[in-house]
Amino acid sequence: MADRVRVIIMGAAGRDFHNFNVFFRNDPAYEVVAFTAAQIPNIEGRRYPPELAGPLYPEGIPIYPEEALPELIRRHRVDRVVFAYSDVSHEYVMHRASIAHAAGADFWLMGPKATQLKAAKPVVSIGAVRTGSGKSPTTRRVARLLRDLGWRVVIVRHPMPYGDLRRQVVQRFASFEDLDRYECTIEEREEYEPHLANGFVVYAGVDYEQILQAAEAEGDLILWDGGNNDFPFFVPDLHIVVVDPHRPGHEVRYHPGEANLRMADVVVINKIDTAHPDAVAQVRENVLQANPRAVLIEAAMPIFVEDPGAIRGRRVLVVEDGPTLTHGEMAYGAGWVAARRFGAAEVLDPRPYAVGSIQEAYRRYPQTGPVLPAMGYGPEQIRELEETINRVPCDLVLAATPVDLGRLLRVRHPVVRVRYEIQEIGRPTLAEVLAERLGRGGSQVSSS
């Protein structure tokens, strides 16, 4: 035991746990002394439980805030720091590498070969180069197309285990009641709820070897629904990656989004209906240089509003998808576009009315514009989101988050929902690519 390599895994309650489970958990050559946590509020201070950590870790593994990393390296005489979260710039990653090196430790980035699981069923994976590129609507469209081809699709979502890890080892969602049963956060509901509305079963959790086995038993094709801009946990037979011309250049400047781009079989240039043509051209050129073998699909992401007439002339509060605005670094999203398009008299700035952790989020992510991120990583933050919404003196709440806020919050203002879906422009289409690569349900995956 004295010769074990001492390791700290830097994470955000997702990729970090997966890397531990598949690589470190049962290897006596390593001792993981701690996880650190970033990006997501209130996930540090927990412990990766012994039930999940395995027999080498009878007391589990503590989780500390990332700011404690230099002191932790020195205190535990750490040999190696493993960076295991996503949607950060290459410069950001190397600053963390410098912190680790200055404290005397090696710095690791673990790749697909060390961390991906091989499924017994075909896997189609959806990824992106940044949060907010349109990965979720792409996953929804691909799921429906695969069902039309005759596949029994089971969706596996990138992890979001923000609660009691012991209860989240393997989660199966087949109804809205399951969201309540697992006490899902707003962020989880944003990802699961639209799939459930479309009639699909979703798996997620902490231990993706067990999750894969359960999904394989239920369907004949696994659809990986990626998180942030991470690469998939399973070896894909077809890897589809979405890029965003609203942030031209980010496709080659963010980790691990650039790796996703270079690994892609299919690249979807999304939002060409609202992006500047010069930005679309720049992204297209970057894609061709990074991955000339990929099939290129161009797409729009039109928005749909329940009652457009309700917006005209009204003073509106725009609520957007939370991660898109925070570590996705977007100033606004589909809600702001809808407010302008359908004639809102004014988009009210919610920042003066923000309370608690919502106010702190604006401080941490100053690029956020006059819109409200739908943050709700726990009961307290959900209450603060509700209070912030109710304090804004608006006529109408324009909710562009995929979750139905009316089911979760007591909002004193009328709420109009904004939805968005992906729509291919020209050819090839996603339907054509899926039919060519996968054929009908139950047939063999064709070689690419």
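The values are calculated or read from the model by the stated rules, or taken from the named source; none is laboratory data. All of these numbers come straight from a predicted model, not from anything done at the bench. As a convention, Cβ positions derive from the backbone with ideal geometry for all residues, glycine included, and neighbour counts pool all protein chains shown. Keep in mind that these areas ignore ligands, DNA and RNA; they rest on the heavy atoms of the full protein, side chains included. Shrake-Rupley method; radii C 1.70, N 1.55, O 1.52, S 1.80 Å.
Annotations for the structure displayed:
- Filtered residues of the stretch 274-306 (kept if part of a helix (DSSP H, G or I), of a type in the set (A, V, I, L, M, F, W, C) and in contact (Cβ under 8 Å) with a residue 24 or more places away in the chain): 279, 280, 283, 287, 290
- Residues satisfying the stated conditions in the stretch 399-408, i.e. more than 14 Å from residue 322 (Cα to Cα) and buried (at least 23 other Cβ atoms within 10 Å of the Cβ): none
- Hey, residue 192 among the hydroxyl-bearing types (Ser, Thr, Tyr), open to solvent by less than 10 Å² (accessible area, probe 1.4 Å), modelled with pLDDT of 95 or more and in contact with a strand residue (DSSP E or B) (Cβ under 9 Å, 6 or more places away or on another chain) or not: no
- Those helices (runs of 4 or more DSSP H) of the stretch 347-448 in which at least 2 residues are at pLDDT 90 or above and out of contact with any Asp or Glu (no Cβ under 7 Å at 6 or more places or on another chain), considering only elements entirely within it, cover 356-364, 379-391, 430-438.
- Residue match in the stretch 425-448 (condition: touching a residue at least 12 places away in the same chain (Cβ under 8 Å), within 30 Å of residue 162 (Cα to Cα), open to solvent by less than 60 Å² (accessible area, probe 1.4 Å) and touching a Pro at 6+ places or on another chain (Cβ under 7 Å)): no
- Test: residue in the stretch 87-99 that is under 23 Å from residue 210 (Cβ atoms) and in contact with a Pro (Cβ under 8 Å, 6 or more places away or on another chain): no
- Taken over the stretch 38-57, residues that are open to solvent by less than 20 Å² (accessible area, probe 1.4 Å) and at pLDDT 95 or above amount to 6.
- Among residues of the stretch 137-152 that are within 14 Å of residue 197 (Cα to Cα) and part of a helix (DSSP H, G or I), those with a beta-carbon under 7 Å from a residue that is open to solvent by 20 Å² or more (accessible area, probe 1.4 Å) and of a type in the set (Phe, Trp, Tyr) at least six positions away or on a different chain give the pairs 137/420.
- Selection of the stretch 286-334 for residues being under 30 Å from residue 393 (Cα atoms) and among the aliphatic types (A, V, I, L, M) yields 303, 305, 310, 311, 316, 317, 318, 319, 325, 330, 331, 334.
- Restricting the first member to the stretch 87-98 and to residues that are touching a residue at least 40 places away in the same chain (Cβ under 8 Å) and closer than 16 Å to residue 70 by Cα, and the second to residues that are open to solvent by less than 30 Å² (accessible area, probe 1.4 Å) and assigned to a helix (DSSP H, G or I), the beta-carbon pairs closer than 9 Å and six or more apart or on different chains are 96/66; 96/69.
- Filter result for the condition that a residue is of a type in the set (A, V, I, L, M, F, W, C), under 20 Å from residue 353 (Cβ atoms) and over 21 Å from the mean Cα position of the chain (by Cα), over 295, 316, 287: 316
- Looking only at the stretch 1-24, and only at residues there that are surrounded by fewer than 19 Cβ atoms within 10 Å (Cβ to Cβ) and within 21 Å of residue 208 (Cα to Cα), the one that is farthest from the chain's Cα centre (by Cα): 23
- Residue in the stretch 259-273 that is more than 30 Å from residue 337 (Cα to Cα), assigned to a helix (DSSP H, G or I) and polar (S, T, N, Q) present: no
- Cross-chain or 6+ apart pairs with Cβ under 7 Å, the stretch 204-230 first and part of a strand (DSSP E or B), then among the polar types (S, T, N, Q) and at pLDDT 95 or above: 204/171; 205/171; 223/139; 224/125; 225/139
- Sole residue being within 17 Å of the chain's Cα centre (by Cα) and either more than 16 Å from residue 203 (Cβ to Cβ) or of a type in the set (Phe, Trp, Tyr) (or both), chosen from 159, 137: 137
- Reported count of residues in the stretch 58-99, each being assigned to a loop (DSSP other than H, G, I, E, B), of a type outside the set (Gly, Ala, Ser) and buried (at least 18 other Cβ atoms within 10 Å of the Cβ), is 3.
- Boolean, residue 350 is crowded, with 17+ Cβ neighbours inside 10 Å and over 24 Å from residue 265 (Cα atoms): yes
- When the criteria are applied in full, residue 329 fails the requirement of being open to solvent by 40 Å² or more (accessible area, probe 1.4 Å), closer than 20 Å to residue 137 by Cβ, modelled with pLDDT under 90 and more than 21 Å from the chain's Cα centre (by Cα).
- The stretch 353-385 - residue that is over 20 Å from residue 188 (Cα atoms) and among the charged types (D, E, K, R) and, of those, surrounded by the fewest Cβ atoms within 10 Å (Cβ to Cβ): 363
- Verdict on residue 252 being more than 20 Å from residue 116 (Cα to Cα), open to solvent by 10 Å² or more (accessible area, probe 1.4 Å) and hydrophobic (A, V, I, L, M, F, W, C): yes
- For the stretch 253-273, a residue qualifies if it is touching a residue at least 40 places away in the same chain (Cβ under 8 Å) and among the aliphatic types (A, V, I, L, M), and the qualifying residues are 259, 261, 263, 264, 266, 268, 272.
- Single residue of 55, 28, 41 found to be assigned to a loop (DSSP other than H, G, I, E, B) and touching a Ser or Thr at 6+ places or on another chain (Cβ under 7 Å): 41
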